[in-house]
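Trainee: After the structure tokens below, expect a handful of questions from me.
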Amino acid sequence: MSHPAPLPAPRAVLFDLDGTLADTAPDLAAAVNLLRSARGLEATPYELLRPTASAGARGMIGASFGLTPQDAGFDELKHGFFDNYEAAIAVHSTLFDGVPALLAGLEAAGVAWGIVTNKPARFTDPLLPLIGLAHAGCVISGDTTAHAKPHPAPLLEAARRLGLPPEACWYVGDDLRDIQAGQAAGMATVACAWGYCGATEPAAWNADYLLPTPQSLLQLVQTVLAARAGNALAA
């Protein structure tokens with residue numbers, strides 16, 4: 001999906017975590033299915049849980065038990081889910097194929113990168129070093145600011161910590177709220193089709209770009225940077 005005008009060259013690329021940089025759905029699914037087994041229920045099939053992984057406890061419990069945060073019993077399940085997940089947070093979680101090369105390519109090009117996730121710091125902080133993301137330029141968790149995505153506050157805080165104006169940053173995510181947050185923060189937005197993507201079609205999110213792989217994102221960044229360098233030489 002092309003932007004109607006050339007994207008600004010990024011000085012930083014900010015990423016969602018679950019479903020964007022890391023495939024954490026297996027461990028999230030295991031945590032909710034432990035709740036079901038403790039209640040004598042059959043496991044919810046993984047293929048039903050995976051698309052909701054970006055929504056965390058709300059998504060997992062909704063898909064597995066049919067409850068929303070407004071329903072009686074949801075909070076009890078949420079706390080049990082959190083405990084289960086914390087106890088086995090990185091058993092099967094891994095970076096998506098191409099992500100290590102993407103991050104290395106950004107660093108080689110002099111582009112900073114950071115993480116902005118709705119995952120609480122209780123889980124973000126121990127998870128990142130276990131999956132090879134401890135060297136992020138900044139990490140904003142779901143409880144770092146007073147608001148979570150789709151509010152722009154977490155993205156604006158990430159830009160502040162990197163010492164950059166928001167318009168110098170791109171935001172990459174696999175959920176509609178990621179694109180909404182990026183747009184509200186004044187950042188260029190990239191929807192990643194390799195992620196979980198939820199129940200809605202990413203092509204309808206109005207992101208600046210919809211890309212199929214981490215490699216294609218690196219290629220886009222390199223192309224935009226090369227164009228900026230060419231324009232500078234021609235000036």
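The values are calculated or read from the model by the stated rules, or taken from the named source; none is laboratory data. The model shown is predicted, which means the values in this text are computed figures rather than measured ones. In this analysis, Cβ positions are derived from the backbone assuming ideal geometry, glycine residues included, and neighbour counts consider all displayed protein chains.
Trainee: What's the number of the only condition in (1) over 21 Å from Gly59 (Cβ atoms); (2) in a helix (DSSP H, G or I); (3) not hydroxyl-bearing (Ser, Thr, Tyr) that Gly186 fails to meet?
Mentor: (2)
Trainee: Still on this structure, please answer the following. Out of (1) assigned to a loop (DSSP other than H, G, I, E, B); (2) more than 18 Å from Cys192 (Cβ to Cβ), what's the single condition that is false for Glu157?
Mentor: Answer for Glu157: the failing condition is (1).
Trainee: Let me ask something additional. Just one of Ala22, Ala30 is under 30 Å from Gln215 (Cβ atoms), among the small types (Gly, Ala, Ser) and in contact with a Leu (Cβ under 8 Å, 6 or more places away or on another chain); which is it?
Mentor: Of the residues listed, the single one that is under 30 Å from Gln215 (Cβ atoms), among the small types (Gly, Ala, Ser) and in contact with a Leu (Cβ under 8 Å, 6 or more places away or on another chain) is Ala22.
Trainee: Does any residue in the range 63-78 that is surrounded by 18 or more Cβ atoms within 10 Å (Cβ to Cβ) come within less than 6 Å, Cβ to Cβ, of a residue that is among the polar types (S, T, N, Q) and in a loop (DSSP other than H, G, I, E, B) six or more places away or on a different chain, and which pairs are these?
Mentor: From the range 63-78, the pairs are Ser64/Thr44.
Trainee: Which of (1) hydroxyl-bearing (Ser, Thr, Tyr); (2) at pLDDT 95 or above; (3) surrounded by fewer than 16 Cβ atoms within 10 Å (Cβ to Cβ) is the odd one out, the single condition Thr24 does not satisfy?
Mentor: (3)
Trainee: Among the numbered criteria (1) modelled with pLDDT of 95 or more; (2) surrounded by fewer than 18 Cβ atoms within 10 Å (Cβ to Cβ); (3) assigned to a loop (DSSP other than H, G, I, E, B); (4) not hydroxyl-bearing (Ser, Thr, Tyr), which one does Gln215 miss?
Mentor: (3)
Trainee: Given the residues Ala104, Ala57, Ala43, which is the only one that is free of Cβ contacts under 8 Å to residues at least 60 places away in the same chain and in the same structural domain as Ser216 (by TED's automatic domain parsing)?
Mentor: Going through Ala104, Ala57, Ala43 in turn, just one is free of Cβ contacts under 8 Å to residues at least 60 places away in the same chain and in the same structural domain as Ser216 (by TED's automatic domain parsing): Ala104.
Trainee: While we're on this one: Any idea which of Ala148, Ala168, Ala188 is touching a Phe, Trp or Tyr at 6+ places or on another chain (Cβ under 7 Å) and touching a residue at least 24 places away in the same chain (Cβ under 8 Å)?
Mentor: Ala188
Trainee: Against the condition at pLDDT 95 or above and in the same structural domain as Pro165 (by TED's automatic domain parsing), how does Asp75 come out, does it pass?
Mentor: no
Trainee: Could you figure out which of (1) surrounded by 18 or more Cβ atoms within 10 Å (Cβ to Cβ); (2) among the hydrophobic types (A, V, I, L, M, F, W, C); (3) within 26 Å of Glu47 (Cβ to Cβ) isn't true of Leu162?
Mentor: If we test Leu162 against (1) surrounded by 18 or more Cβ atoms within 10 Å (Cβ to Cβ); (2) among the hydrophobic types (A, V, I, L, M, F, W, C); (3) within 26 Å of Glu47 (Cβ to Cβ), just (3) comes out false.
Trainee: Return yes or no: is Ala43 surrounded by fewer than 24 Cβ atoms within 10 Å (Cβ to Cβ), part of a loop (DSSP other than H, G, I, E, B) and of a type in the set (A, V, I, L, M, F, W, C)?
Mentor: yes
Trainee: Only residues in the range 200-214 that are farther than 19 Å from Ala53 by Cβ count as the first member; pair them with residues that are hydroxyl-bearing (Ser, Thr, Tyr), Cβ under 7 angstrom, at least 6 apart or cross-chain, and list the lot.
Mentor: Sorted first by the residue in the range 200-214, then by its partner, the pairs are Ala207/Thr189; Asp208/Thr189.
Trainee: Filter the range 127-137 for residues that are in contact (Cβ under 8 Å) with a residue 40 or more places away in the chain and over 14 Å from the mean Cα position of the chain (by Cα) and give the result.
Mentor: Leu130, Ile131, Gly137
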